[in-house]
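Undergrad: Here it is, the structure in full.
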Amino acid sequence: MCAFFIRGTCVSINFNMLISYNWLKWYIPEAPRAEKLVNIFNYHICEVENVEHRVLNNTEDWIFDLKILPNRAHDLLSHHGVAHELASLLNIKFIDPKYKVPESKPTKLKIEIVTQKDRRHVGRIIRNIKVSPSPEWVVRRLESISQRSINNIVDATNLVMFDSGQPTHAFDLDKIEGSRLNIKDAKNGQKITLLTGEEKELDGTMIIISDEKGHPLDTGIKGGKYAEIKASTTGIIIEADNFDPVFARKTGQALNILTDARKRFENDLSQELAPYAIQELSALIYEMCPDAIFEDVVDTYPQKQKVRKLSFSADRISKILGMVVSEKEIENILKRYNYKFSARGGPASGWEITIPPLRLDLVIEEDMAEEIGRILGYDKIKGKVPQINFRPKPNEVYLKILWARNKLLDEGYSEVMNTTFCDKGEISVLASASDKKFLRTNLTDGLKESLKLNQANAPLLGLDEVKIFEIGTVFKKSGEEMHVAYNEENKIIEKNLNEFGK
Amino acid sequence: MTTEKKKGTIHPLSLLAQEAYQVFSEMGFEIATGPELESEWYNFDVLNVPKDHPARDMQDTFWIKDAARMQKNFVALPASGLRHEQNFSASSSLVLRTHTTSVTARSIEQAGKEGRLPCAFVSIGKVFRNEATDATHEMQFYQIDGAMVGENISVADMKGVLTHFYKKMLGNDVKIEFRPSFFPFTEPSLEVFAKFEGKWIEMGGSGMLHPNVLLNLGLDPKKVQGFAFGHGFDRIAMVKWGISDVRLFYQGDLRLNQF
């Protein structure tokens, strides 16, 4: 949701995630009916923007378009995350998938990270694969969330991202020279052709993944054309990185790349997610290519995620929410959410919890107040209008506005409001979605237009004479002023609010 | 009476603002006003909006050209001795305020300095967003923003105040609900919905002021806490009177003055 108060949506921030009901059921077979889930999402997790009932190949499904809250974009831009949240919230069974781990052989693959922007890289070589169309269940699963099937390998990487939240990628091993991948800051002017065929020029704020010969393989948030998976590919390197979120956002903006991978990286992922994703991806590829030969996983982890703890008490939570929450209720929630916690006794001293790695949003006691509040449901809190010992003072500016408005209304003037933006003035904005880049220096120009408009409409309005006024802010180099303007026939009189009526 | 016949008509947003201020005054709130051209400090930094947050992008916010040279003419410096005077002076960027939460922040800071705690403020004012306009989006619109800070001010108090406000604005039949949300300046954060004539409508955000915000305003989050909210004011008028296009408010057209 938008960073600002008011308005649900914001043009540049989109946290929407399509979630398939059937996919969720894979993890939580006891999930309530889809219709019932809508309110569970709305009241406890996030807004459901849309829900669509679909029938594909005689199979019913419901697709939820969820507006994931920005503080949960670390863990809920994934089916695994949403299912896990629902299981804890509803206290129902969560089936942790037991991936078939293929046996692996020693590897020569080496990964060298010489940039701060990649905090972890997990990769492995897989040989003897066969690129082919995906099995039907994979195609169906991707199509259910409006993703196109490409081939089994590419589909597997996509499926893992929408399932675990961790973007993954696969390179064609045959194109890679040497056994080492280098991940480092890009050089100014360095070029890469992306999978889409577009050529992009990089700079020092970005990174480049390349092989020993310097072939550009990946920008981090979008793969390159050079080692693209082809029908003829027989060996691959699969990888999952954990990138610095600011790097991901800035590179995405500069290169105009808006991928699902960027969206996840720029919202900051837990470093603990990468090995999980590689395990899932390996199992999927093993299922699709039973003859594949897996080499050992190479885990390069220069910036370890710290184990964080958080203390909070039932007293403090109750004080913030304005509702008594018992220790028992809180412990019940902690258990359902699988928190490791130590009770220190008494409602005032509370608990110390170990924060699960994926819950990067939990930092302070107030975050737990939100957790407890939303899990119990804010409808449980009984509203009351408080009486406080505060003596409001009259607001001088508002009193002047009121006085001026009433005086003009009494004299038969009607009030209008015109736009602050115009095409000439002393102060301008740096960029605008409209061609009017200046702030008005007077109310007169707008009021003249308004006068013409209303004079034309006078018969419709039942007026013999149009008398209008506006009270509003104008902007000059010398500062911001509140003005009053009104008309005397076709002449406009404009005064500073402080001078009006003197 | 002839004088009554001659009286002019008021703009619907002014009429609604007068009513809203009345409701909040009765609940003990003080009316607050502040600059429309605001410092980056009060519009973003004070409110715990991260430096690299997308909301600060040019696509969303109107930044002022050549702001450094003019800043002193526009934005009143905080009263001297305030905790963040230095930070404030270091930031020289100006924006058209994207919310009146900046006014709320200034008021709470001042009240804290004057020892006027607990306190409660409400402000209705013009705010600006850099976006293409359509029936539900304008580059300028009005926001109603408020806060209450004290030793024990809670989510329950916020629910009480906002529910009372909407019942006064939209009638006793209106239903108000609070659902999970996120804003950098509140924790917990809640979205306020109103059910009016059978339809749920998103009114705006609310929550408990984030401890970082209280610290930035010179208050001790261990001693005081409070709620804040910011709602689309045009939207309340549109819902109440069935006005379908937000742009009508700012076209200087008297056909709108019929309420």
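Undergrad: Which of rounded, prolate or oblate describes the range A:396-496 when judged by the alpha-carbon gyration tensor and an a/c cut-off of 1.5?
TA: oblate
Undergrad: Okay, next question. Given +1 on the Cβ of Lys and Arg, -1 on the Cβ of Asp and Glu, and no further charges, what dipole in debye does the range A:66-126 carry about its Cα centre, rounded to the nearest 20?
TA: Once rounded to the nearest 20, the dipole reads 240 debye.
Undergrad: Using a 10 Å cut-off around each Cβ, can you sort A:Phe390, A:Phe41 from fewest to most neighbouring Cβ atoms?
TA: By the 10 Å Cβ count, ascending: A:Phe390, A:Phe41.
Undergrad: I would also like to ask the following. In chain B, if every C-alpha pair distance is counted and binned at 5 Å from zero, what percent goes to each bin?
TA: The calculated distribution, bin by bin, is 1, 6, 12, 17, 19, 17, 13, 8, 4, 2, 1, 0, 0.
Undergrad: Please report the antiparallel percentage of the DSSP beta bridges confined to the protein assembly as shown, to the nearest 5.
TA: If we restrict to bridges inside the protein assembly as shown, about 90 percent are antiparallel.
Undergrad: Can you pull out the trypsin sites (Lys or Arg not before Pro) in the range A:302-343 whose DSSP state is coil and whose Cβ has at most 14 other Cβ atoms within 10 Å?
TA: Filter output for the range A:302-343: A:Lys304, A:Lys306, A:Arg308.
Undergrad: How far is helix A:34-44 tilted, in degrees, relative to the longest principal axis of the Cα atoms in chain A, given as a value from 0 to 90 rounded to the nearest 10?
TA: So the inclination is approximately 60 degrees.
Undergrad: Related question: Can you tell me the orientation of helix A:327-336 relative to chain A, as the angle in degrees between its alpha-carbon axis and the longest Cα principal axis, to the nearest 10?
TA: 50
Undergrad: Follow-up question, since we're still on this one. How much length is gained if the chain between A:Glu329 and A:Asp435 is pulled fully straight, taking 0.36 nm per residue apart and subtracting their Cα-Cα distance, in nm to one decimal?
TA: Taking 0.36 nm per residue and subtracting the Cα distance, the gain is 32.5 nm.
Undergrad: Another one. Using the count of nearby Cβ atoms within 10 Å as a rough guide to exposure, how do A:Thr107, B:Thr101, A:Thr300, A:Thr196 rank from fewest to most?
TA: Arranged by neighbour count, lowest to highest, A:Thr107, B:Thr101, A:Thr300, A:Thr196 become A:Thr196, A:Thr107, A:Thr300, B:Thr101.
Undergrad: So how much slack lies between A:Lys424 and A:Glu52, counting 0.36 nm per residue of separation and subtracting their Cα-Cα distance, in nm?
TA: 129.1 nm
Undergrad: Additional query: How high is the FRET efficiency between B:Asp134 and A:Arg33 when r is their beta carbon distance and R₀ equals 35 Å, given to the nearest 0.05?
TA: The formula returns an efficiency of 0.45 here.
Undergrad: Among B:Ile31, A:Ile330, rank each residue by its count of other Cβ atoms within 10 Å, from fewest to most, as a rough exposure measure.
TA: The most exposed by this proxy come first: B:Ile31, A:Ile330.
Undergrad: What is the magnitude of the charge dipole of the range A:255-326 about its Cα centre, with +1 placed on the Cβ of each Lys and Arg, -1 on the Cβ of each Asp and Glu, and no other charges, expressed in debye to the nearest 20?
TA: Taking the Cα centre of the range A:255-326 as origin, the dipole is about 820 debye.
Undergrad: Assuming 0.36 nm per residue, please report the length gained on full extension of the stretch A:Arg127 to A:Asp315 beyond their Cα-Cα distance.
TA: The A:Arg127-A:Asp315 span can extend by a further 61.9 nm.
Undergrad: Rounded if a/c is under 1.5, else prolate if a/b beats b/c, else oblate: with a ≥ b ≥ c from the C-alpha gyration tensor eigenvalues square-rooted, which is the range A:1-139?
TA: In terms of gyration-tensor shape, oblate.
Undergrad: Rounded to the nearest 20 debye, what is the charge dipole size of the range A:309-379 about its Cα centre when +1 sits on each Lys and Arg Cβ and -1 on each Asp and Glu Cβ?
TA: In debye, rounded to 20, the range A:309-379 gives about 280.
Undergrad: OK, next. Could you work out which residue, out of B:Arg116, B:Arg56, B:Arg97, moves most in a Gaussian network model of chain B, that is, has the largest mean-square fluctuation with Cα springs under 10 Å?
TA: B:Arg116
Undergrad: Once the other residues with Cβ under 15 Å from the Cβ of B:Val174 are scored (Lys, Arg +1; Asp, Glu -1), what is the net sum?
TA: +3
Undergrad: May I pose another question? How far apart, in nanometres, would the label points at B:Phe259 and A:Lys340 be if each is projected 7 angstrom from Cα along the Cα-to-Cβ direction?
TA: Between B:Phe259 and A:Lys340, the label points sit 5.7 nm apart.
Undergrad: What does the net charge come to around A:Leu284 if you take all other residues with beta carbon closer than 10 Å to its beta carbon, with K and R at +1 and D and E at -1?
TA: The answer is -3.
Undergrad: Does chain A classify as rounded, prolate or oblate by the C-alpha gyration tensor (a ≥ b ≥ c root eigenvalues; a/c under 1.5 gives rounded; else a/b over b/c gives prolate, otherwise oblate)?
TA: prolate
Undergrad: Taking the Cα centroid of the range B:155-189 and of the range B:27-64, what is the distance between the two, rounded to the nearest whole Å?
TA: Between the Cα centre of the range B:155-189 and that of the range B:27-64, the gap is 22 Å.
Undergrad: What number comes out for the charge environment of A:Asn16, summing +1 per Lys or Arg and -1 per Asp or Glu over other residues with Cβ under 12 Å away?
TA: -2
Undergrad: Along Cα→Cβ, 7 Å out, is where each label goes; now give me the distance between the ones at A:Arg308 and A:Asp379 in nm to one decimal.
TA: If labels sit at A:Arg308 and A:Asp379, their model points lie 3.2 nm apart.
Undergrad: Charges on Cβ only, +1 for Lys and Arg, -1 for Asp and Glu, centred on the Cα centroid of the protein assembly as shown; of A:His79, A:Ile372, A:Tyr276, which one is farthest towards the dipole's positive end?
TA: A:Ile372
Undergrad: Please find the FRET efficiency linking B:Lys7 to A:Glu481, where r is the Cβ-Cβ separation and R0 is fixed at 30 Å, and quote it to the nearest 0.05.
TA: Once the sixth-power term is evaluated, E becomes 0.60.
Undergrad: Which residue, chosen from A:Leu447, A:Leu463, A:Cys422, occupies the Cα position most advanced towards the positive end of the dipole of the range A:396-496, where the dipole is computed from +1 (Lys, Arg) and -1 (Asp, Glu) charges on Cβ about the Cα centre?
TA: Farthest along the dipole direction, towards plus: A:Cys422.
Rule-based calculations on the coordinates, nothing more; no lab input. Quick caveat: nothing in here was measured; it's all calculated off a predicted structure. All Cβ positions, even for glycine, are placed from backbone atoms using ideal geometry, and neighbour counts span all protein chains on display.
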